[in-house]
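Student: The following block contains the structure, expressed as structure tokens.
The values are calculated or read from the model by the stated rules, or taken from the named source; none is laboratory data. On a predicted model such as this, the values are computed, not experimentally measured, just so you know. Cβ sites come from the backbone with ideal geometry, for glycine too, and all protein chains shown count toward neighbours. Surface accessibility is based on the protein's heavy atoms, side chains included, excluding ligands, DNA and RNA. Shrake-Rupley method; radii C 1.70, N 1.55, O 1.52, S 1.80 Å.
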Amino acid sequence: MNPGNQLGPYSIVEKLGEGGMGEVWLAEDTRLGRQVAIKVLPEEFAADPERLARFEQEARASAALNHPNIAAVFDVGQAQADGATTHYMVQELLSGHTLRTTLESGPLPLKRVLALGVEIAEALRAAHKAGIVHRDLKPDNVFVTEDGHAKVLDFGLAKLTEAAAMGGTSQTMSPTVLGTQAGAIMGTAGYMAPEQVEGKEVDARADLFAFGCVLYEMTSGKQPFRGQNVYETLGRIVSNEPEPLDPSAVPAELQRLLRKCLAKDPAERAQSAGDLAVDLKMIGRDVDSGAAAAGSPPAAVTATRSPRGASPAVLGFVPVASLALGAAAV
């Protein structure tokens, strides 16, 4: 793919970035006269039926969702470019940065954590209502727009739940799901729920565990279960609790909410993204009214490490390792 290539009605302008599942290009929609972002599946991946199926799954899952906190998908297709068939997905062009980039400067102020947390939870609520489990929620897949709002991206690992399929949407949304059934490990190591790590069947509660990891990272500036490598990280998710955070800096209600999100057993975990959004709004109101105690600055949280072998007295929020399975980075 090169600037000047044409993908159907889209004229390629410049490369914006790339990731494990594709390259992202700035393009001009010649029909509507607007700029869009086009995610292109690399040629070598298009030859892999599994990767192609996942790419198409992302497009279908994302296009089925219409929510202000989810990046909009406009189109999906394939075209000839440079003598090869190019598979692409057209998304709204966003201005801003990923949450990962935002966190490079450290933890966020408490009010910012709560505001973004509400919007991410609302996005998950919309996806779960549509029967879609994201399965790969992490700061890299949350975009913070220039006006300060969250947009959840990349449903490439999303799994259409049985509820949605039974509800009559399977004709438009059910792609071939490969590698997402029980026994397969999918996702990003530091943000995967214990049941994902163990290769078990997952539901929306896996996203709520990942949400807890993201919320912890926004609050503390650290990832909850990060180890020296992927395998250590996965082991910590299954067996360890996060380090406790300074109770003088994090409101007790937020700590309780994080404990609910990061429970190992899905039955003991928070059960609804909608409930989490409501809880975060209430915590925000308490913070505004002064009813919730918070440190100064509110997000400059320090984690205290428990003595070796001791269980943390308070379930802390643990930094999440952004370690994509199969990636070299730890």
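Student: From the Cα gyration tensor of the stretch 206-260, with a ≥ b ≥ c the square roots of its eigenvalues, which class applies: rounded if a/c is under 1.5, or else prolate if a/b is larger than b/c, or else oblate?
Tutor: Numbers: a/c = 2.07, a/b = 1.67, b/c = 1.24.
Verdict is prolate for the stretch 206-260.
Student: Points 7 angstrom from Cα along the Cβ direction at S248 and D275: gap in nanometres?
Tutor: 3.3 nm
Student: Could you list log10 I(q)/I(0) for the stretch 59-116 at q = 0.16, 0.26 Å⁻¹, which the Debye formula gives when each Cα is one point scatterer?
Tutor: -0.73, -1.05
Student: Quick one: Karplus J couplings for the stretch 256-264, per residue in order, coefficients 6.51, -1.76, 1.60, θ = phi - 60°, nearest Hz, x for Gly and Pro?
Tutor: Values per residue, Gly and Pro as x: 5, 4, 5, 4, 5, 6, 9, 4, 5 Hz.
Student: So for the stretch 70-135, averaging the separation of alpha carbon pairs under 8 Å that are six or more residues apart and normalising by length, what relative contact order in percent results? It would help to have the intermediate numbers written out before the result.
Tutor: On the way: 34 pairs, mean separation 14.1, N = 66.
Here the relative contact order equals 21 percent.
Student: Separate question: Would you calculate the separation in nanometres between label points at E268 and E201, each defined as 7 Å from the Cα along the Cα-to-beta-carbon direction?
Tutor: 2.3 nm
Student: Rounded to the nearest 0.05, what FRET efficiency do N229 and R34 have when you use their Cβ-Cβ distance and R0 = 41 Å?
Tutor: Details: r = 44 Å, r/R0 = 1.07.
E(calc), rounded to 0.05, equals 0.40.
Student: If R0 is 41 Å, what FRET efficiency do you get for V238 and S95 from their C-beta distance, rounded to 0.05? Write out the running numbers ahead of the final one.
Tutor: Values: r = 39 Å, r/R0 = 0.95.
Taking R0 as 41 Å, the efficiency between V238 and S95 is 0.55.
Student: Sequence-distant or interchain residues sharing an amide H contact under 5 Å with E18, placed H: which?
Tutor: V24
Student: Which whole-Hz ³J(HN,Hα) couplings does the stretch 2-14 yield from phi under the Karplus relation 6.51 cos²θ - 1.76 cosθ + 1.60, θ = phi - 60°, glycine and proline marked x?
Tutor: Whole-Hz 3J(HN,Hα) from phi for the stretch 2-14: 9, x, x, 4, 10, 10, x, x, 9, 9, 6, 9, 7.
Student: Just subtract the alpha-carbon distance of T85 and N66 from 0.36 nm times their residue separation and send over the number in nm, one decimal. Before the final figure, lay out each step's value.
Tutor: Values: separation 19, 0.36 × 19 = 6.84 nm, distance 2.90 nm.
3.9 nm is the gain from fully extending T85 to N66.
Student: Quick check: pseudo-label points 7 Å beyond the Cα along Cα→Cβ at D48 and T145, how many nm apart are they?
Tutor: Label-label distance for D48 and T145, simple model: 3.3 nm.
Student: What accessible area per residue, rounded to a whole number of Å², is obtained for the stretch 5-114 using a probe radius of 1.4 Å? Please list the in-between numbers first.
Tutor: On the way: 5170 Å² over 110 residues.
Using a 1.4 Å probe on heavy atoms only, each residue of the stretch 5-114 averages 47 Å².
Student: How many angstrom lie between the C-alpha centres of the stretch 60-120 and the stretch 28-56?
Tutor: 14 Å
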